[in-house]
Structures are given as structure tokens and as C-alpha cells.
Amino acid sequence: MKITCHHWYFSQTYACLQCKWISKRLSQMGQKIAFTSSEEKIATEAMDTLIKLYGNCALEEADVIVALGGDGFMLQTLHNTQDLSAPVYGMNRGTVGFLMNAYDEKGLIQRLESSVEEKLNPLRMEAISTDGIVKTALAINEVSLLRAGPQAAKLSISVDGKTRMSELISDGVLLSTPAGSTAYNYSATGPILPIGSDVLALTALNAFRPRRWRGALIPKRSRVEVVVLEPEKRPIMADADSRSVKNVAQVNISSADDIQHQILFDPGHGLEERLISEQFN
């Protein structure tokens, strides 16, 4: 990694000792760092500062990627770099930071050295529109089906080819991963799932009939099929981490075990700790 000296109080004849130490430390680690940030000013300014301190490289060359922003930008980064082998270490320069570590310009090398890795499998959504077009997308948090008109959604839910609910009338339904269970799922009164658990949370959104049904826990390797009843009268949209498909007739969801996202956390602040803390806030 090329380190650029920005400490001009040193003689131009000699390299800054701090930058030489950082360069040597990075060389010993054998790591190249790529920085990326959201478009928010606080995030771009942080990236500029960190690049001056630690250097930068292309995403494709990186051994570790440092993402600066909020949870939305972390999800975007994970999706955009899913074909790369480098893990992602996030620092919070956004609003929500459940997937992010605290921001600090100092000690980044030591934090990366001591970080703990979590591995996540996303969900694969196959959305079939009313005109027969099939679109696929991946979701690290959840796949949701939401009513797109004034009338409630009317849905039929099957698991592994067996109909489990012939008719659900609600504002929609979502299927969440353990990592996403503290997001939309939790706000919809769904359960928080332990990281590493082999289950997914199927959660109803404001169920009208059956009124008492709130959802179910589904084995991770199951295939969930949601058929939209009366799609012309009750239009539905499907969403996978903000990738939306309008006017769907059926949505098939399964775990994408062939894809694995790697996220780095500071020791003692991994997803397990965050899941526990979230339940007491």
C-alpha cells in the first residue's frame, strides 16, 4: 500500500516518521485497505481524513474494506462487494449504526488486527410480476411484501411446497435473517434471532385475518412461497434491501448459502452483543 505523507512540518528530505511507521505496520500485516463512504458530508470528510492517515487502494486489491456511513450504506457496500474476498469493517458516520463500529481516526490498524469476523448468508428473492417477468435480488436484512394500494394484502403462504396459510389478510409479510431481525422485523413486533441460528423470522405486518397470527419461525434451509391473491384488486410490491419490484403475483424466498458476507466488529461489540443490547433499549 502506498502511504502519502501529509505532515509538512518535517523536512522535505525525510519522510514523516509516523507515516513510515504506519506503512511498516501495514506491510507487516500484509493488508491493503480500501475506503468507501456514503455521499453524506460527514462520511466523505471522514474518508478523506482516513486516506491521508492510512493510504488507500482499489476495492479489487483490498485485503479489508472500511465503509463509512450508516447501516444502509453498509448493506449497499456488502451487496456491491459480494464477489470480493475482502471482509468489510464499518465505522458509523450515519444515523443508524447497528452494523457499524464506533468512528475513531486513531488506532485503526490495531482495531482491524483485533476485530472479530461474522459471516452472514443473504436471502435470495425471486419475484414474479403479474405480467410474468421474473426478477431476482438478494437481501441481507429481509424480504418484504407490502400492499401498494388502499386495500389490505391477501396472501397465501407455503413452506417447502406445503400450504401453511391459505389466506392472510394484512398490510404484508416479511421474512428476516438473524442479522436483520432487529430492523424492520423487530419494529413489526417480530422476534430477535440469535446470530448463527438456523431459522428465519416470518412476520405478519398488521394482520387483520387471522387477527392473532403474528408470524412463525422457519428453518433456514426452507423455501418460502408467497402467492398474491387478487393481485389486480390488491396490488403488492416486493422489496429486498431496498430493491423493489412492483405488481408481484408470487414471491419465492430461500437462503443463499452459496453467498457469504464477512463483517468485522470490534471485540465485545459483535452482533451477538448488539442483539442482546437492542432488547433492553
| request: May I ask you to list the residues in the stretch 78-107 that are within 12 Å of the chain's Cα centre (by Cα) and within 13 Å of L264 (Cα to Cα)? | output: L78, V88, G90, F98, L99, M100
| note | Given the conditions (1) assigned to a loop (DSSP other than H, G, I, E, B); (2) surrounded by fewer than 17 Cβ atoms within 10 Å (Cβ to Cβ), every one holds for A179 apart from (2)
| said: Looking at the stretch 204-227, I want the residues that are under 15 Å from K154 (Cβ atoms) and have a partner that is surrounded by 13 or more Cβ atoms within 10 Å (Cβ to Cβ) and of a type in the set (D, E) with Cβ atoms under 6 Å, at least 6 apart or on another chain. Which pairs are those? | reply: L205/D171; N206/D171
| task | Can you tell me which residue among T136, T177 is in contact with a Leu (Cβ under 7 Å, 6 or more places away or on another chain), within 24 Å of Q82 (Cα to Cα) and among the polar types (S, T, N, Q)? | result | T177
| In the stretch 32-58, what count of residues is obtained for those that are under 20 Å from the mean Cα position of the chain (by Cα) and crowded, with 16+ Cβ neighbours inside 10 Å? | 7
| request: Would you mind stating whether L217 is in contact with a strand residue (DSSP E or B) (Cβ under 6 Å, 6 or more places away or on another chain) and under 30 Å from R111 (Cβ atoms)? | output: no
| query | Residues of the stretch 226-253 being out of contact with any Pro (no Cβ under 8 Å at 6 or more places or on another chain), in a loop (DSSP other than H, G, I, E, B) and of a type in the set (S, T, N, Q), which ones? | reply | S242
| Single condition S254 does not satisfy, out of (1) closer than 16 Å to N141 by Cα; (2) at pLDDT below 95 | (2)
| said: What pairs come out if I take residues in the stretch 161-173 that are over 15 Å from N206 (Cβ atoms) and pair them with residues that are modelled with pLDDT of 95 or more and assigned to a strand (DSSP E or B) whose C-beta lies under 6 Å away, six or more apart or interchain? | reply: R164/I157; M165/I157; S166/S156
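When the residues of the stretch 130-157 are filtered to those that are of a type in the set (S, T, N, Q) and crowded, with 17+ Cβ neighbours inside 10 Å, which remaining residue is modelled with the highest pLDDT? Break it down into steps so the answer makes sense when it comes.
Initially, the stretch 130-157 is screened for residues of a type in the set (S, T, N, Q), giving 130, 136, 141, 144, 151, 156.
Now narrow it down to the ones that are crowded, with 17+ Cβ neighbours inside 10 Å: 141, 144.
On the way: N141: 95, S144: 98.
Applying the filter and picking the extreme gives S144.
Kindly establish whether I51 is more than 30 Å from R234 (Cα to Cα) and touching a strand residue (DSSP E or B) at 6+ places or on another chain (Cβ under 7 Å). Steps first, answer last, please.
Numbers: more than 30 Å from R234 (Cα to Cα): yes; touching a strand residue (DSSP E or B) at 6+ places or on another chain (Cβ under 7 Å): yes.
Considered against the rule, which asks whether it is more than 30 Å from R234 (Cα to Cα) and touching a strand residue (DSSP E or B) at 6+ places or on another chain (Cβ under 7 Å), I51 comes out as yes.
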| request: Could you grab the pairs with beta carbons closer than 9 Å, sequence gap of 6+ or different chains, first residue in the stretch 74-98 and in contact (Cβ under 8 Å) with a residue 24 or more places away in the chain, second one of a type in the set (K, R) and part of a loop (DSSP other than H, G, I, E, B)? | output: A86/K32
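The values are calculated or read from the model by the stated rules, or taken from the named source; none is laboratory data. Computed from a predicted model, the values in this text were never measured in an experiment. Please note: Cβ atoms are built from the backbone with ideal geometry, for glycine as well, and neighbour counts cover all protein chains shown.
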